[in-house]
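The values are calculated or read from the model by the stated rules, or taken from the named source; none is laboratory data. Just so it is clear, the model here is predicted, and its values are computed rather than measured. Glycine also receives a Cβ, built like all others from the backbone with ideal geometry; neighbour counts cover every protein chain displayed.
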Amino acid sequence: MRLALLPLLALFAGCAEMRTPAAPPPPADLAGGNQPGQLADPARAAIVASAAAFADAGLSLAEKPEAVAQAAAQLEYLSLVLPRSEAYAAMPRATVMSLDLARAEVRAALGINDAADPQQVMRALLAAARALRAGQAEQAAAALPVGLFRPGGAASVRRLAEPGPLPQAAAATNLAQQDLAKIDANRLWLQGRNQDLIGMEIGSTSTGSAPGMGMGSGF
C-alpha cells in the first residue's frame, strides 16, 4: 500500500514545485559590482560576496553602513532565490535553511520587519547602500521606510552602522560557499535535490573543473 502511494507523492511534490514562482531578476549591483560574471550568475556572486562580508561574524562591518546594507541585501536575495532555482537544486536543504536563519538574525539586528517581503527589503537595502556610497545620507534614510524598518529613516541608517555580532550569518554564508565549491567539483549542477544522492556525490572524490554556469530563465 505504501509503495502504491509513492508515485502519487512524487506527483504532488512535482506539482508543488511547478507552482513555485520563479525568483525575480536581481538588481545589477547586488554583488557590489557590474562584472559580467556577477550578472550571469548573481546567486554565486551573492554567496561569495556575503561570505566575505560576514567572515568575522560582521565585526569588520562596524561603522560601514553601506557594506552592511549590501551584505544584508545579498542574504535576502539568497533566501528568496535558492529554494526556487532549478540551477541550484543541488544546494543542500540544510544550507538553505541555515541561510534563512542568517537572514532572520540580520533582520533582528537591523530592525527589519520579520514579515516584510524579501524583494522589497533587498531593493530598499540596495538603494540605501547606493546612497551611502554616494554620500547622500538623506536619500539613504528615505530608502528605509517605517513599516519595513524599525524605527526607519535616519535612525535605521545609524543602526546599519552598528550591526553587532552576526555568527549565524558567518556560519551560513561560509557553509554555502563550501557547498558551492563541492557542487562545482562534483559537477552536480541541474541535478535534483535528492539529499541522499547529493550527500554521496558531494562526499565523493571526483575531480575536474566545473562546467560553465548560467542562471537560466527567471533570473
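Tabulated data for the structure shown
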| item | result |
| --- | --- |
| Among the residues listed as Arg84, Arg133, the single one being at pLDDT 95 or above and surrounded by fewer than 22 Cβ atoms within 10 Å (Cβ to Cβ) | Arg133 |
| Residue in the range 113-121 that is hydrophobic (A, V, I, L, M, F, W, C), surrounded by 24 or more Cβ atoms within 10 Å (Cβ to Cβ), at pLDDT 95 or above and under 13 Å from the mean Cα position of the chain (by Cα) present | yes |
| Which numbered condition Arg103 fails, given (1) touching a residue at least 12 places away in the same chain (Cβ under 8 Å); (2) over 15 Å from Ile47 (Cβ atoms) | (2) |
| Residue that is in contact (Cβ under 8 Å) with a residue 40 or more places away in the chain and within 15 Å of the chain's Cα centre (by Cα), where the choices are Ala172, Ala128, Ala140, Ala109 | Ala172 |
| Verdict on Ala142 being of a type in the set (A, V, I, L, M, F, W, C), surrounded by 14 or more Cβ atoms within 10 Å (Cβ to Cβ) and over 22 Å from Ala52 (Cβ atoms) | yes |
| Number of positions in the range 112-125 that are without any contact (Cβ under 8 Å) to a residue 24 or more places away in the chain and closer than 20 Å to Ala172 by Cβ | 1 |
| Only one of Ala115, Ala155 that is small (Gly, Ala, Ser) and either in contact with a helix residue (DSSP H, G or I) (Cβ under 9 Å, 6 or more places away or on another chain) or closer than 30 Å to Asp184 by Cα (or both) | Ala155 |
| Qualifying positions in the range 175-190 - in contact (Cβ under 8 Å) with a residue 24 or more places away in the chain and either part of a helix (DSSP H, G or I) or under 17 Å from Ser50 (Cβ atoms) (or both) | Leu175, Ala176, Gln177, Asp179, Leu180, Ile183, Asp184, Ala185 |
| Filtered residue count, the range 145-170, keeping only those that are of a type outside the set (S, T, N, Q), in contact with a Phe, Trp or Tyr (Cβ under 9 Å, 6 or more places away or on another chain) and surrounded by 16 or more Cβ atoms within 10 Å (Cβ to Cβ) | 4 |
